[in-house]
1. Consider residue 15 against the criteria (1) modelled with pLDDT of 80 or more; (2) assigned to a helix (DSSP H, G or I): it satisfies all of them except one. Which criterion is unmet?
2. Of all residues in the stretch 464-474, which are in contact (Cβ under 8 Å) with a residue 24 or more places away in the chain, surrounded by fewer than 24 Cβ atoms within 10 Å (Cβ to Cβ) and more than 14 Å from residue 416 (Cβ to Cβ)?
3. In the set 477, 397, which member is in contact with a helix residue (DSSP H, G or I) (Cβ under 8 Å, 6 or more places away or on another chain) and over 19 Å from residue 303 (Cα atoms)?
4. Applying the selection to the stretch 441-460, what residues are surrounded by fewer than 20 Cβ atoms within 10 Å (Cβ to Cβ) and closer than 23 Å to residue 381 by Cβ?
5. Would it be correct to say that residue 49 is under 30 Å from residue 292 (Cβ atoms), at pLDDT below 80 and in a loop (DSSP other than H, G, I, E, B)?
6. What's the number of the only condition in (1) in a loop (DSSP other than H, G, I, E, B); (2) in contact with a helix residue (DSSP H, G or I) (Cβ under 7 Å, 6 or more places away or on another chain); (3) within 28 Å of residue 375 (Cβ to Cβ) that residue 491 fails to meet?
7. Could we say that residue 266 is within 18 Å of the chain's Cα centre (by Cα), in contact (Cβ under 8 Å) with a residue 60 or more places away in the chain and assigned to a strand (DSSP E or B) here?
């Protein structure tokens, strides 16, 4: 084929953008040949903004509001505002459009005869459950039969029969030390090497409804995934392809402010519990939102979701934002249309949580409902420390605690055990030299994916064990358990006491 002129190539580049699409427009020309033509004509490879000025301007003229415009693109309100400023779009739309009217009709928000809100507007969690139940809307207290997007179960249930329609959605987590022949089918490829292997497999996506027997997976609520816990009685129905769930009451926690250095989301949640008590959210679903949540990394939001679940919440859900998108981009490309909570969605209650005045907290006596300021608990000298699970094993947290103790040595007669959450977290911590720093400090690394229960099985721990919040199945433990954030625990390892 004859080589196009420079003007023709520039025009095609403006229309189609990539060499591959230019080649297709020219009748199937290979991509490498188009690239060669560009270099020959002195045309550089184009760099295009993710959102064009025309796209941003069209949305702004249509909605006239950063929140609604961002929701259309699947980004946050501040993110859309940044794009608008980038293109110097500051003036308000000249003509009022239908989308800019917050119309309310009588049937959309009224109290039913049974005292339950009948409302058109929904939270993101309700929208996900409604989709899974083939319904338009769902309300708290309603029993809904849903078909989950994915099931994650222990492989001790693998010999149960299930229908073909659910088999491809069901993944089994291999029990440590068990042979894969224990699975229902020797050719079964739906196996995970730990429940958080769902990341490596690329199984999770925003707006998914995940049903699981693993409480740890409630940490995935950080990525706008609705999590439903499954008990053994409901398992046969789930494997048949459907399960009945009761929609929990939903409360909204709007977080503002940035968490200070050397503090964590565990301290933030402890601050919340002290102010409002666990009764305010026990057995309910918490939806976290606000500027403070958008400042958190995906790993920090996972720790927040898991800890809130351990503290008594029925479920935890974070609205999808750019930090969640960045965290998921390490595992998959996120192009899904994101579901957001409607601005006028009904919540049982709403709370504002600010990080001003935040300090370190600990949870003595294995009770996550009674936080105590670390300054009031500095007479305790731990004998051993465990850092792992969703609240302490992610790469970001390992880097954070490594920075805290760089150049220091662990206190004498104290053992500190660390288990990375996943193999990828371990690899990332190795690349960033966090593992080397913590080993030089005196920490001992355990196999990937170990929980506090797994750590306690390694030996008979005596004295005081300081650990990040994690599930604890047995109360027959000789050691005294005290929970804290990973940041507080690593400083206790350096000082020899809680500080």
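The values are calculated or read from the model by the stated rules, or taken from the named source; none is laboratory data. Remember, it's a predicted structure, so these values are computed and weren't measured experimentally. Because the Cβ atoms are built from the backbone with ideal geometry, glycine has one as well, and the counts that use them run over all protein chains shown.
1. Failing condition for residue 15: (1).
2. Result: 471, 472.
3. Sole residue among the options that is in contact with a helix residue (DSSP H, G or I) (Cβ under 8 Å, 6 or more places away or on another chain) and over 19 Å from residue 303 (Cα atoms): 477.
4. Residues satisfying the conditions are 442, 444, 446, 458, 459, 460.
5. On the way: under 30 Å from residue 292 (Cβ atoms): yes; at pLDDT below 80: yes; in a loop (DSSP other than H, G, I, E, B): yes.
The answer is yes for residue 49.
6. Only one criterion is unmet by residue 491, namely (1).
7. It is false that residue 266 is within 18 Å of the chain's Cα centre (by Cα), in contact (Cβ under 8 Å) with a residue 60 or more places away in the chain and assigned to a strand (DSSP E or B).
Okay, residues lined up against (1) surrounded by fewer than 16 Cβ atoms within 10 Å (Cβ to Cβ); (2) closer than 30 Å to residue 234 by Cα:
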position: 263; (1), (2): no, no
position: 275; (1), (2): yes, no
position: 283; (1), (2): yes, yes
position: 294; (1), (2): no, no
position: 320; (1), (2): no, yes
position: 323; (1), (2): no, no
